[in-house]
Amino acid sequence: LEIIFLGTSAGTPTKTRNVSATAIRHTNAKSWCLVDCGEGTQHQILHTDLSLAQLKVIFITHVHGDHCYGLPGLLASASLTGRKNPLIVVAPYAVQEMFECVQRNSDLTLSYDICFLKPQDLTDNAELGGFTIETVELSHRVQCFAYIFTEKTPYARLNREKLAKDCIPAGPSWGKLERGEDVALECGRIAKAKEYLLPAARARKIIIAGDNDTPELLRKSCKHADVLVHEATYTQEVSDKVGALPQHCSAKKLAIFAESVMLPNLVLNHFSARYQEHGEHTFDDLKNEALAEYRGNLLLAKDFSNFRLNVGGLLNLNENTKKS
Ligand SMILES: [Zn+2]
């Protein structure tokens, strides 16, 4: 599984970071899903190998502008470049109203259908964009959600080595065995499916959360999760100065929570524009604060960083996906 960050700044963009947008896809798949769509997301996409024609589902966490002002432009461009397939947008109702208002007042006709769904209306284990999706309502100034992506439970795999050893040639019998059916071989022997199937790999789970001052709300979901992508807008010191009103999370608070649920991989994201590589407030401040509390695999998102989750459940930085 791959997570590609298209915008990692909170509130306003900076010269090196755009506002919120994150892509998720199966490794090497063409189809993909987008979580949040801050202004300029479509420009960021142009620098990657992601294509608007292959976008399956857009998930919006909440209606704040840095998470959804890019939606009308992106949807319009998908139409202008000839998209025909319907697109699902999962978003709080306020986002749908915002989009429909822009559409009505800007003479926007789309070449494809949009189906809006509310996060709270998704049924248990809804299947969207190649994943099983769950949602958790978070604590922010407006209704806000986390989206949980679980691989559809993979099939049991055929033990090809044993098939070859027992001289069972590829063909319809392999399909039957894969479906769990026993097969009568030409020699008269019965090949039992359970003897030729390897156990299915574990379904991996990635949580991409919107703005949230209470990571504790994700405790249950984090129990079997491989990755949590969560905002760490401020260090604790800055958060204390700013006060509780914006309802954001500090790196420290998030890291304490992640350690308490023994989360294997934590990605910090959505940084206040005051943080820079050098100067009074740096990304290292956020990183060091989290490292003091969390002993798992910690990563900080940058625009265009591509994090790959391997089958063993470890998240690693992949080569930079930014094209020139
Ligand atoms: Zn935000």
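The values are calculated or read from the model by the stated rules, or taken from the named source; none is laboratory data. Worth saying up front: this structure is predicted, and the values here are computed from it rather than measured. Every residue, glycine as well, gets a Cβ built from its backbone with ideal geometry; the counts of neighbours run over all protein chains shown. The accessibility values were calculated without ligands, DNA or RNA, using every heavy atom of the protein model including side chains. Shrake-Rupley method; radii C 1.70, N 1.55, O 1.52, S 1.80 Å.
Of all trypsin sites (Lys or Arg not before Pro) in region 50-153, which ones are in loop regions per DSSP and have a Cβ with at most 16 other Cβ atoms within 10 Å? Don't skip to the end; give the middle numbers.
On the way: sites: Lys56, Arg83, Lys84, Arg104, Arg141, Lys152; in loops: Arg83, Lys84, Arg141, Lys152.
For trypsin sites (Lys or Arg not before Pro) across region 50-153 that sit outside H, G, I, E and B with at most 16 neighbouring Cβ atoms in 10 Å, the list reads Lys84, Arg141, Lys152.
If you take every residue apart from Arg202 with its C-beta less than 15 Å away from the C-beta of Arg202, what net charge results, scoring Lys and Arg +1 and Asp and Glu -1?
+3
Suppose a student asked you for the relative contact order of the chain, using Cα pairs under 8 Å spaced at least 6 residues apart; what percent would you report?
Numbers: 687 pairs, mean separation 54.4, N = 324.
Relative CO of the chain lands at 17 percent.
Roll a 1.4 Å probe over the protein heavy atoms and report the accessible area of Asp124 in Å², nearest 10.
140
With axes computed from alpha carbons, what is the tilt in degrees of helix 93-105 against the longest principal axis of the chain, rounded to the nearest 10 within 0 to 90?
70
Round to a whole angstrom and tell me the spacing of the C-alpha centers of region 190-225 and region 52-79.
27
Skipping prolines and chain starts, which residues have an amide H placed within reach, meaning under 5 Å, of the one on Leu87, given they are 5 or more residues away or on another chain?
Here the answer is Asp113, Ile114, Cys115, since their amide H atoms fall under 5 Å of that of Leu87.
Tally up the carbon and sulfur contribution to the accessible surface of region 207-289 as a whole percent, 1.4 Å probe, everything protein left in place. Spell out each step's value before the answer.
Numbers: 1880 of 3610 Å².
Summing carbon and sulfur atoms, their accessible area is 52 percent of the total for region 207-289.
Compare Thr61, Thr135, Thr14 in a GNM of the chain, Cα atoms joined below 10 Å, and give the one with the largest fluctuation.
Result for the chain, Cα springs under 10 Å: Thr14 fluctuates most.
Would you mind counting up the charge near Val19? Only other residues with Cβ under 9 Å from its Cβ, with Lys and Arg at +1 and Asp and Glu at -1.
Around Val19, the charge tally is -2.
Roughly what % of DSSP beta bridges within region 1-121 run antiparallel, to the nearest 5? Present the calculation step by step, with values, prior to reporting the outcome.
Working: 8 of 20 bridges.
Antiparallel bridges: around 40 percent, rounded to the nearest 5.
Say R0 is 45 Å: what FRET efficiency, to the nearest 0.05, do Lys220 and Lys192 get from their beta-carbon distance?
With a Förster radius of 45 Å, E is 0.70.
Taking all protein chains in place and a 1.4 Å probe, what share, in percent, of the accessible surface of region 1-100 do carbon and sulfur account for? Walk me through the numbers on the way to the answer.
Values: 1940 of 3560 Å².
It is 55 percent, rounded to a whole number.
Looking at Ile58, His270, Leu197, which one has the Cα that reaches farthest to the positive end of the dipole of the chain (charges on Cβ: Lys, Arg +1; Asp, Glu -1)?
Of Ile58, His270, Leu197, it is Leu197.
Using +1 on the beta carbon of Lys and Arg, -1 on that of Asp and Glu, and nothing else charged, what's the dipole of the chain about the Cα centre, debye to 20? Walk me through the numbers before you get to the answer.
Values: 36 positive and 38 negative charges, 213 e Å.
So the magnitude is around 1020 debye.
Take every Cα pair under 8 Å in region 228-324 that's 6+ residues apart, average their separations, divide by the length, and report that relative contact order as a whole percent. If you can, show how the numbers build up before the last one.
Numbers: 143 pairs, mean separation 26.5, N = 97.
Taking the mean separation of contacting Cα pairs over the length of region 228-324, I get 27 percent.
Which value, in Å², gives the accessible area per residue of the chain when a 1.4 Å probe is used on the protein heavy atoms? Write down the numbers at each step before the final one.
Working: 15750 Å² over 324 residues.
I get 49 Å² per residue for the chain.
Anything over 19 Å Cα to Cα? Flag those among Lys30/Lys84; Lys30/Lys118; Lys56/Lys84; Lys253/Lys287; Lys162/Lys192; Lys15/Lys302, in the order listed.
Working: Lys30/Lys84 16 Å; Lys30/Lys118 26 Å; Lys56/Lys84 12 Å; Lys253/Lys287 12 Å; Lys162/Lys192 12 Å; Lys15/Lys302 12 Å.
In this structure, Lys30/Lys118 exceed 19 Å between Cα atoms.
Can you give the accessible area of Ile4 in Å² (nearest 10), computed on protein heavy atoms with a 1.4 Å probe?
Around 0 Å² of this residue is reachable by solvent.
Among His281, Ala301, Ala255, which residue has its Cα furthest toward the positive end of the charge dipole of region 241-324, with +1 on Lys/Arg Cβ and -1 on Asp/Glu Cβ?
Ala301
Could you give the angle, 0 to 90 degrees to the nearest 10, between helix 251-260's Cα long axis and the longest principal axis of the Cα atoms of the chain?
The angle comes out at about 30 degrees.
May I ask you to rank Glu195, Glu39 by accessible area, largest first, using a 1.4 Å probe over the protein chains only?
On the way: Glu195 85, Glu39 120 Å².
Most to least solvent-accessible, the answer reads Glu39, Glu195.
Return the whole-Å distance between the Cα centroid of region 244-270 and the Cα centroid of region 25-40.
23
Is the C-alpha gyration tensor of region 132-233 telling us rounded, prolate or oblate? Criteria: a/c under 1.5 is rounded; beyond that, a/b larger than b/c is prolate, otherwise oblate. Mind dumping the intermediate values first?
On the way: a/c = 5.12, a/b = 4.35, b/c = 1.18.
It is prolate, given that a/c is not under 1.5 and a/b is the larger ratio.
Please compute the contact order of region 209-269 in relative form: average sequence separation of alpha-carbon pairs under 8 Å and at least six residues apart, divided by the residue count, as a percent.
Values: 85 pairs, mean separation 28.4, N = 61.
This gives 47 percent for region 209-269.
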